[in-house]
Amino acid sequence: MTTKMTIRMTMKILRIGVMALGLAVVTSGVALAGVQAKEKPACGIGRAVGLGLTERGQKYFVEHFADVLFANGISLSEGQIDSFVLNAEKPLKLDQLPIHFQKFSGTLGKIRSILKSWLLGFSFNDPLIRVEVKDIRYSAQIDRLGFSLQTSPVREFTGANSAVFVLEAQIPSLRLSAASVMGKNLNNSSLKTFGVRGLFTELSGESKPLEIQIPIGVRIKETGNVEFNILGIHTSLDQVDLKMGFDRPLVLPRVEVLIDGHPIALNQAALERELLKLKDRYLEMLQVLLDRFAEEQLPQKLNNLIQAYLPQNLVEGNEMAAPGAPVMGAAFQTKFKWWMSPQELRQESHMLFLGLAASVRDPAKSSVEALGTDWSCAEDSMRSMPTFSGAHPADYDLALSLNQDLVNQILGLSFARGYFEKVPYGDAGESLAMTVAPELVLTGALAKDRAILRLQVAKKPQGIEKFFVENPLLFSFDMNVRLVVTPGVKGASSRISLLVDRIDESTVKVKRESVKLGFLHSMIEKSVKKKIRRANVGYKSNPMALAKDVAIPSEVAGIPLSLQSLQSDSSGYIVLYLEYGGQKQ
Amino acid sequence: MKKRILFLVSLFLIVSLGAMAAEPIVNEVRIVNLRHLSGLALNVFYVSGRQATLGVEGRSLSVRQIQAAPIRVSIDSSGQVVIPARALPRLGFSVFNNMVLVVTKVDAPAIYMQNPDGSVPLDARMAPAGISNLPSHSAFSI
C-alpha cells in the first residue's frame, strides 16, 4: 500500500468552513412538505451571474492588481522555484551563434581555450548544454503591477469570447538567486558537472527600473473551457544595470595527473582565476541570455505549462447560507453548494462583461452524484444580455447581474427545506401558505426597484366558504414587491428587503378543482379578488416585509464592494451597481 | 477518533516581512476572551487561500496550500491563547494570507482539510520527509 493510500484511509477530513454569520431571510411559520430534488446533476444556468466591468472599474486593476492577487493567495513580489532544468536543443557552435550572442563569441572562445590549456590538449565537441538550477528565489519591489484590457486588436483574439489583457510591472528593485547553477556538457561527458553555487544577480542601485509587459490572450471556447495564451514577454532587461555574485570556489572539472602512479591534482584556484577574469563578460552574457530567453522562448514554455496544469474545465465550487434558514440556527444549517464556470467574455461599448454559468444544489436533499452540474445545457434558453440601464457607467465600477432563474433555483431549494411557506395577507396577521416555491419575475415593464413574485397559495376556508370550496382553497396571483436597499453599517454588507407593494388582482386565479360546484368558480374568484383588494389596502397602510435583510454579495474575488444602487433589469436580472472599497461608514 | 470541532474561524493577518528574500514571519498573535473554551486547544493553520469569486453570505475560503505544518496551542484557564511568531517557508508563488483556527480537544488526532468543492489543499504533512509534494508549483523542466 502506498503512503498516499494509507494517508487517504486514515486521515480525518475536516471540511473547511467559515462560521456563517448574519441573517439571511426572515420568514415565519411551519414547514410544508419538502420537494425532493431530482437525482441528476443540475443543469447549469446560462449567464446566471454576470460581471460587468466599466472603464472606471477596469482602472482599479491597473493600480491594485497586486492586492487582488494577494487576496487570492498569490504574490509576485517574492517567489521560489525548487528547480529548473534547461536542455539546449542543439550543440552550441561558436561560428553559428544567434545574432544577439555573436558579440560574445570571443569570450566563449577564450573560455574554451582556458579549459583546453588546463585539460592538456583535451579535444572538445561542440557543447550541448544541460543546466540545472536549484532553489531559485526572487524578491522584487514592485512599484506598479497592473492588469488591463488591450484595446488594439490581436488577430488570434478578436473573435467572440476573446480578449487580450496586458500585465505590466515596474520593478525598481529585484534580486534573483539560486542555490546552485550546474551545467553538463552532454557532448563532452568527461567534463562532469561544472557551475557555481550561491549565484545571485540584482538590479544595481543606479539602475533604471525593470519594466515588464506581458500580453495574454484569453478565449472562452465553451463553458468552462478557457484558453490562456501568453503572446509575448517584453522586458527592458537590455536597458538595466545588473550586478552579480557567486560563492567561491567554482565547481570546475577536476584535473589529475598521474606521476609514477601517484595522482596529483592540478591547482583549480589558478583555473578559477583565469575564468574569473572574464566575470564582467559573464554578467553581460547573463543579461542578454535572460532577455532573449524571456522574449523568444519563455512565452511558449509557459504556454506549455499552462496547457499541462490548467484544468480541462474551470469550475469553481463553494457554499452559501441557505436563504430563509432559521435565524438562530443559521450557522448550523447545511449550506447550499454552488458551482460557477466561465461561459462568455464580451467587450461591450461601455464595459467588459464576463458571463458565468452556475447552479446551486442542496447537499441535504441531493445525493453526492446529483450535486454536480451539467454544463452542456448552459446555453439552452439563455436569457438575453442584461441591459445595465439602471446607472451610468461613470457612476460605478462593477455591475453584478443575477439571473432570475438562478434566484428561483435558490428560492426553490429553500422552499423545499420549508423555509418559505407563508406569505402575509392583509394587515390582520393572517397569512397564506405557499404550495409551490415562489417564482421571482423581473421581465416586463417594471420600475427600477420593483419585481413580481408569482405565488401559488392555499387558504383554509372560513365560515360559509366551507360549503362551496375545498379545504384548502388553492389560488395563484402575482405579488408586486419593492426592492429596498438597507445600507450596511460598520463594515457589514448591504442588504435587500422585499416589501409587499400590492397583489395584482387581475392575475388572481382560483384552481377549478378547489371549487365544489363548478358553475360557482367565477363567483368564488371574484370573492377572492375582493378580499385581496382589502388586503392591498392593508399593505399600503402597513408595508410588510416578505423577506427581510437578504445579504447581497459583499466581495468579488476578494475585492470588497459597496452597493450604489440596484435595478430590476427587464431582461430578467437583478443588477447590483457596485463600487470597490467596501461599505462606507 | 471523534473530534469535537467547535468552530472554525478565518483570520486575515498582516504578514510582517523581514529583509528582502527572507522568509515571511507571522507575528505573535494573542487571543483573549476564550474562557468558554478553556482546556481545549487551538489548531493553527497558516494557509494560502482564495476567496470565492462571488462573496455571498456563507461562502468559505478555498485553501490552495497549507504553508507549514499546523501547530496546536492550549487555551489556558483565563481563556487566553498565545500563538507564537513563526517563519513560513516560501513555496512557489503561494503566499500566506489567511490563518485558520480550529478548536479541538488537546489530545485530538491530527486534522486535515477539504475544500467545499471537494479538493484537498496541498499539505506539507502529506509528502515523504524532505520531498516536496508540490511539483506542479515549485519545480519544472523545460
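The values are calculated or read from the model by the stated rules, or taken from the named source; none is laboratory data. All values derive from a computational prediction rather than experimental measurement. Methodologically, a virtual Cβ is constructed for each residue, glycine included, from the backbone with ideal geometry; neighbour enumeration extends over all protein chains shown. Heads up: the accessible areas ignore ligands, DNA and RNA and are worked out on the full protein's heavy atoms, side chains in. Shrake-Rupley method; radii C 1.70, N 1.55, O 1.52, S 1.80 Å.
Could you list, in sequence order, the residues of segment B:103-142 that are modelled with pLDDT of 50 or more and among the polar types (S, T, N, Q)? Once the filter is applied, which keeps residues that are modelled with pLDDT of 50 or more and among the polar types (S, T, N, Q), segment B:103-142 yields B:THR104, B:GLN114, B:ASN115, B:SER119.
Note on segment B:23-33: among residues that are assigned to a loop (DSSP other than H, G, I, E, B) and under 15 Å from B:SER94 (Cα atoms), the one that is modelled with the highest pLDDT is B:PRO24.
Considering only residues that are open to solvent by 30 Å² or more (accessible area, probe 1.4 Å) and either in contact (Cβ under 8 Å) with a residue 12 or more places away in the chain or over 15 Å from the mean Cα position of the chain (by Cα) (or both), which ones fall in segment A:71-90?
Selection gives A:LEU76, A:SER77, A:ASP82, A:PHE84, A:LEU86, A:ASN87, A:ALA88, A:GLU89, A:LYS90.
Summed over segment A:539-559, residues that are more than 7 Å from chain B (Cβ to nearest Cβ), on the phi < 0 side of the Ramachandran plot and touching a strand residue (DSSP E or B) at 6+ places or on another chain (Cβ under 9 Å) total 11. Restricting segment A:364-387 to residues that are small (Gly, Ala, Ser) and either at pLDDT 90 or above or assigned to a helix (DSSP H, G or I) (or both) leaves a set whose member that is least open to solvent (accessible area, probe 1.4 Å) is A:ALA370. The number of residues in segment B:85-99 that are open to solvent by less than 10 Å² (accessible area, probe 1.4 Å), more than 7 Å from chain A (Cβ to nearest Cβ) and either in a loop (DSSP other than H, G, I, E, B) or of a type in the set (D, E, K, R) (or both) comes to 2.
Of everything in segment A:416-443 that's in a strand (DSSP E or B) and modelled with pLDDT under 90, which residue is most open to solvent (accessible area, probe 1.4 Å)? So, considering only residues that are in a strand (DSSP E or B) and modelled with pLDDT under 90, the one most open to solvent (accessible area, probe 1.4 Å) is A:LYS422.
Starting from residues that are acidic (Asp, Glu) and within 21 Å of A:ASN536 (Cβ to Cβ), keep the ones in segment A:464-483 and report whichever is most open to solvent (accessible area, probe 1.4 Å). It comes out as A:GLU465. Scanning segment A:504-538 for residues being part of a helix (DSSP H, G or I), within 49 Å of the chain's Cα centre (by Cα) and either within 14 Å of another protein chain (Cβ to nearest Cβ) or surrounded by fewer than 16 Cβ atoms within 10 Å (Cβ to Cβ) (or both) gives a total of 2. The one condition from (1) open to solvent by less than 50 Å² (accessible area, probe 1.4 Å); (2) more than 30 Å from A:GLN409 (Cβ to Cβ); (3) at pLDDT 65 or above that A:ALA42 does not meet is (2). Checking the stated criteria, A:LYS192 turns out not to satisfy the condition of being more than 30 Å from A:LYS59 (Cα to Cα), within 14 Å of chain B (Cβ to nearest Cβ), out of contact with any helix residue (DSSP H, G or I) (no Cβ under 7 Å at 6 or more places or on another chain) and open to solvent by 20 Å² or more (accessible area, probe 1.4 Å).
In the condition set (1) modelled with pLDDT of 90 or more; (2) under 19 Å from A:ALA66 (Cα atoms), B:SER16 is compliant with all but (1). Considering segment A:75-90, the residues that are aliphatic (A, V, I, L, M) and not in a loop (DSSP other than H, G, I, E, B) include one that is nearest to the other protein chains (Cβ to nearest Cβ), namely A:VAL85. Among the residues of segment A:284-317, the ones that are without any contact (Cβ under 8 Å) to a residue 24 or more places away in the chain and touching a Ser or Thr at 6+ places or on another chain (Cβ under 6 Å) come to 1 in all.
Only a single criterion out of (1) over 19 Å from the mean Cα position of the chain (by Cα); (2) surrounded by 22 or more Cβ atoms within 10 Å (Cβ to Cβ); (3) not in a loop (DSSP other than H, G, I, E, B) is not satisfied by B:HIS36, namely (2). Is it fair to say B:ALA41 is surrounded by 13 or more Cβ atoms within 10 Å (Cβ to Cβ) and either more than 8 Å from every other protein chain (Cβ to nearest Cβ) or modelled with pLDDT under 50 (or both)? Here the answer is yes, as B:ALA41 does meet what is asked.
Checking A:PRO553, A:PRO560 one by one, the residue that is assigned to a strand (DSSP E or B) and buried (at least 16 other Cβ atoms within 10 Å of the Cβ) is A:PRO560 and no other. All told, A:MET285 meets the bar of being at pLDDT below 90, more than 10 Å from chain B (Cβ to nearest Cβ) and either part of a helix (DSSP H, G or I) or within 30 Å of A:SER177 (Cβ to Cβ) (or both). Of all the listed residues (A:LEU402, A:LEU413), the sole one being farther than 25 Å from A:ALA535 by Cα, in a strand (DSSP E or B) and open to solvent by 20 Å² or more (accessible area, probe 1.4 Å) is A:LEU402.
Is at least one residue of segment A:210-223 within 39 Å of the chain's Cα centre (by Cα), in a helix (DSSP H, G or I) and loosely packed, with under 15 Cβ neighbours inside 10 Å? Can you show your working first?
Let us first name the residues in segment A:210-223 that are within 39 Å of the chain's Cα centre (by Cα), namely A:210-223.
When the remaining residues are screened for being in a helix (DSSP H, G or I), the result is none.
The answer is no; no qualifying residue exists.
Of the residues B:VAL82, B:VAL73, B:VAL56, the single one that is open to solvent by 30 Å² or more (accessible area, probe 1.4 Å) and either at pLDDT below 90 or more than 9 Å from every other protein chain (Cβ to nearest Cβ) (or both) is B:VAL82. Candidates A:ALA322, A:ALA331: the one that is farther than 30 Å from A:GLY159 by Cα, within 14 Å of chain B (Cβ to nearest Cβ) and at pLDDT 85 or above is A:ALA322. Hey, any hits in segment A:444-463 for a residue that's under 29 Å from the mean Cα position of the chain (by Cα) and open to solvent by less than 10 Å² (accessible area, probe 1.4 Å)? Checking segment A:444-463: not a single residue is under 29 Å from the mean Cα position of the chain (by Cα) and open to solvent by less than 10 Å² (accessible area, probe 1.4 Å). Selection within segment B:100-123: residues that are surrounded by fewer than 18 Cβ atoms within 10 Å (Cβ to Cβ) and more than 9 Å from chain A (Cβ to nearest Cβ). The member of this set that is farthest from B:ARG30 (Cα to Cα) is B:ASP107. In segment A:92-104, the condition of being modelled with pLDDT under 75 and of a type in the set (Phe, Trp, Tyr) is met by at least one residue.
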